[in-house]
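See below for the structure under consideration.
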Amino acid sequence: MELSSRVQAIKPSPTLAVTARAAKLKSEGKDIIGLGAGEPDFDTPQHIKDAAIAAINKGQTKYTAVGGTPGLKSAIVAKFKRENNFDFDVKQILVSCGGKQSFFNLVLSVINPGDEVIIPAPYWVSYPDIVLIAEGKPVFISTGIEQNFKISAQQLEAAITPKTKMFVINSPSNPSGAVYTLNELKALGEVLRKYPKIIIATDDMYEHIMLTGERFGNIANACPDLFPQTIVLNGVSKAYSMTGWRIGYCGGPAHIISAMENIQSQSTSNPSSISQAAAEAALNGDQSCIHPMVTAFKERNIFVTEQLNQVNGVQCLSSQGAFYAFADARQSINALYGKNLISTQNDIVFSEYLLEKADVAVVPGSAFGCEGYMRLSFATSMENLKQALSRIKHLLK
Ligand code: PLP
């Protein structure tokens with residue numbers, strides 16, 4: 001029995017696959033250090049868990065409105081005002097089962113077959129595949145370490161065609177850790193201003209994980225006149241260490257939000273009522289619970305960058321946001337290939353080499369559309385990072 005062409009066009013998430021592979025080797029008794037994880041290694045703060053338990057005890061265990069409870073939607077409206085200075089009405093808000101579903105709903109609501117979606121690379125692994133599910137065409141803009149993994153206004157202009165329907169921007173970026181400055185966003189905005197039909201999707205999932213002390217700002221902060229064509233995607237997964245609770249949310253033009261809600265009503269219906277109560281407590285509660293996590297990420301970022309730059313043939317910029325180091329391993333890959341230590345000159349074989357010979361799991365850059373790099377998550381203990389970096393240094397020396 002044949003599968004749909006839609007499903008044959010996509011692949012399972014490579015980052016989840018690395019995590020699964022490392023877990024399997026671990027269960028077989030190997031001392032693997034997994035640096036593939038895309039989630040904070042902290043527990044969900046207690047007051048958030050308490051809110052969920054209270055919701056269960058109060059009987060909030062039934063369907064809710066498809067697009068989110070009134071309480072959570074109001075908390076999101078208030079959050080957008082307080083932290084981002086955006087004025088959204090509740091009709092412009094949708095709560096979904098994770099940031100991934102928010103993006104999925106958006107793409108399914110606005111992309112027709114053949115429509116182009118501009119995605120700067122390296123990119124979060126799910127953007128292109130979700131576009132492919134909608135039979136859209138991902139159009140990549142390549143960047144590398146030479147340009148700090150940020151696209152220029154000229155590159156954006158060159159990528160736009162009459163078929164461009166959407167532009168995706170993710171800052172702080174998974175995987176590169178790059179953060180666009182307001183001036184860089186203004187330059188991109190100058191291009192987009194000429195194309196009011198292009199939907200701008202800003203994925204602010206790592207908003208709170210700023211590692212430089214700079215204040216977060218997205219493209220609609222840099223260019224307020226672009227707000228009407230912008231969808232702001234966010235969620236509680238990374239900021240509050242709530243990846244398993246599955247709550248993402250977004251704000252945008254009411255007609256798009258309403259279309260997204262329709263899609264959601266015919267797929268998952270509402271996100272878990274209990275998780276919604278927890279997310280409401282997260283957004284309305286004391287925000288200081290985020291600080292210890294960010295402090296730890298800052299410390300680890302300094303350590304990992306310093307260590308990676310001491311590895312033979314590896315170069316790494318200090319991350320400005322999120323919790324990943326994205327290192328250029330091209331020289332190291334070439335050297336290993338030259339010595340016949342790896343069979344193919346690419347980052348997939350390179351990361352398999354690291355897994356087999358150093359027992360360290362990293363994600364190859366090609367998973368993110370950036371061949372020759374590797375992503376190391378520092379959402380793990382300092383102890384693990386010390387061990388892992390020492391093993392990599394030793395193997396590649
Ligand atoms: N956006 C980015 C850039 C991400 O890295 C992730 C998760 O890894 C998400 C969105 C989705 O987050 P979730 O679906 O876990 O809320």
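The values are calculated or read from the model by the stated rules, or taken from the named source; none is laboratory data. Since the model is a prediction, treat every value here as computed from it, not as a measurement. Note: ideal-geometry Cβ built from the backbone for every residue, glycine included; neighbour counts use all protein chains shown.
Tabulated values for the structure
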| quantity | calculated |
| --- | --- |
| Cross-chain or 6+ apart pairs with Cβ under 7 Å, the stretch 198-210 first and under 26 Å from E157 (Cα atoms), then small (G, A, S) and more than 11 Å from the ligand (Cβ to nearest atom) | T202/A220 |
| Count - residues of the stretch 231-259 that are among the β-branched types (V, I, T), within 16 Å of the ligand (Cβ to nearest atom) and crowded, with 22+ Cβ neighbours inside 10 Å | 4 |
| Conditions (1) away from the ligand (no atom under 16 Å from the Cβ); (2) under 22 Å from G244 (Cα atoms): number failed by A329 | (2) |
| Residues within the stretch 160-177 that are farther than 20 Å from I231 by Cα and within 22 Å of the chain's Cα centre (by Cα), tallied | 3 |
| Total residues in the stretch 27-54, condition of a type in the set (S, T, N, Q) and touching a Phe, Trp or Tyr at 6+ places or on another chain (Cβ under 8 Å) | 1 |
| Count of the stretch 87-103 residues which are under 19 Å from the mean Cα position of the chain (by Cα) and assigned to a loop (DSSP other than H, G, I, E, B) | 2 |
| Complete set of residues in the stretch 31-89 that are outside the structural domain of Q264 (by TED's automatic domain parsing) and in contact with a strand residue (DSSP E or B) (Cβ under 7 Å, 6 or more places away or on another chain) | I32, I33, G34, L35, G36, A37, G38 |
| Strands (runs of 3 or more DSSP E) contained in the stretch 104-219 and holding at least 3 residues away from the ligand (no atom under 13 Å from the Cβ) and assigned by TED's automatic domain parsing to the domain that holds I263 | 116-121, 137-142, 164-170 |
| Any pair with Cβ under 6 angstrom, 6 or more apart, that starts in the stretch 255-268 at a residue that is of a type in the set (D, E) and ends at one that is at pLDDT 95 or above | E261/V66; E261/G67; E261/L94 |
| Unmet requirement for F80, which otherwise passes all of (1) assigned to a helix (DSSP H, G or I); (2) within 16 Å of the ligand (Cβ to nearest atom) | (2) |
| Residue within the stretch 178-192 that is touching a Lys or Arg at 6+ places or on another chain (Cβ under 7 Å) and closer than 30 Å to I48 by Cβ present | yes |
| Residues (surrounded by 14 or more Cβ atoms within 10 Å (Cβ to Cβ) and more than 16 Å from the ligand (Cβ to nearest atom)) located in the stretch 68-77 | T69, G71, K73, S74, A75, V77 |
| Condition check for E135: at positive phi and acidic (D, E) | yes |
| Residue match in the stretch 281-294 (condition: modelled with pLDDT of 95 or more, of a type in the set (V, I, T) and closer than 17 Å to I33 by Cβ) | no |
| Search result, residues across the stretch 221-266 that are within 27 Å of G38 (Cβ to Cβ), over 16 Å from the mean Cα position of the chain (by Cα) and among the charged types (D, E, K, R) | E261 |
| Filtered residues of the stretch 11-38 (kept if modelled with pLDDT of 85 or more, of a type in the set (A, V, I, L, M) and away from the ligand (no atom under 16 Å from the Cβ)) | L25, I32, I33 |
| Condition check for G248: assigned by TED's automatic domain parsing to the domain that holds S109 and under 20 Å from N174 (Cβ atoms) | yes |
| Within the stretch 39-60, considering residues that are part of a loop (DSSP other than H, G, I, E, B) and within 16 Å of the ligand (Cβ to nearest atom), the one nearest to the chain's Cα centre (by Cα) | E39 |
